[in-house]
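Q: Dropping a structure here in C-alpha cells format, bear with me for questions.
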Amino acid sequence: MIEVTVRTLVRPTERVEKVVAAIERIFPGLTLDIRDDLVQGYGGISSLRVFRKVLRDERILDTARSVMLAGRIGDSYQFRISKPGAFMGRVGFPPEEEPLGSIHVEISGGEEVIDWLAPRTIDGKPVAEIELDEVEQ
C-alpha cells in the first residue's frame, strides 16, 4: 500500500491559504490537517499524479529519482520540495531547508512507486514506464 504524507510549517509572514494552495497544486486530493502554524496532508498514490506529470513536464526525472532514492529509509522515501515553487505549480528540490520552509514529503510503499514517478532514463528519456496498476499491487 502506498501512502503519501506532506507537511510544512506556516511562517508568521505567510498566509495559510497560500501554503495550502502550494500543496494542493502539486499533491491534489490529500486530506489536509490545517493549523495556524502547520499544514499536513495524507493520501495515497492518486495524490501523486500531478507530481508525476510535473516531473516529466519539467524534464527533471533524473534529479527527482536521485533525490528520492537518496532519502530512502527502509520502505519510505523522504525529501523536500520548494514551497514557493510548488505555489507556482513547479517542483524544485532544495538542498536544505529554505528560509520560508520547504514542503517535506514522505512516500512509503517500495521502490516501484519511485520507478513509476521517476523512472531510470537514458539521455533524459525513460527507459521503461510502468503502469499505475503495477505499482498498486
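The values are calculated or read from the model by the stated rules, or taken from the named source; none is laboratory data. Please read these numbers as outputs of a predicted model, since none were measured by experiment. Using ideal geometry, Cβ is built from the backbone for each residue, glycine included, and neighbour counts are taken over all protein chains shown.
Q: Could you count how many residues in segment 12-34 are closer than 21 Å to Q78 by Cβ and loosely packed, with under 14 Cβ neighbours inside 10 Å?
A: Adding up the residues that qualify gives 2.
Q: Now a separate question. What about F93, is it at pLDDT 95 or above, within 12 Å of A22 (Cβ to Cβ) and not small (G, A, S)?
A: Against the criterion (at pLDDT 95 or above, within 12 Å of A22 (Cβ to Cβ) and not small (G, A, S)), F93 does not qualify.
Q: Moving on. Could you say whether any residue in segment 86-95 is in contact (Cβ under 8 Å) with a residue 40 or more places away in the chain, in contact with a Leu (Cβ under 7 Å, 6 or more places away or on another chain) and closer than 20 Å to S46 by Cα?
A: Checked against the condition, which is being in contact (Cβ under 8 Å) with a residue 40 or more places away in the chain, in contact with a Leu (Cβ under 7 Å, 6 or more places away or on another chain) and closer than 20 Å to S46 by Cα, segment 86-95 yields at least one hit.
Q: Continuing with the same structure: Within segment 92-135, track down each residue that is assigned to a loop (DSSP other than H, G, I, E, B) and in contact with a Phe, Trp or Tyr (Cβ under 7 Å, 6 or more places away or on another chain).
A: F93, I130
Q: Return the residue satisfying two criteria in turn: it lies in segment 37-58 and is out of contact with any Ser or Thr (no Cβ under 8 Å at 6 or more places or on another chain) and among the polar types (S, T, N, Q), and of such residues it is modelled with the highest pLDDT.
A: S47
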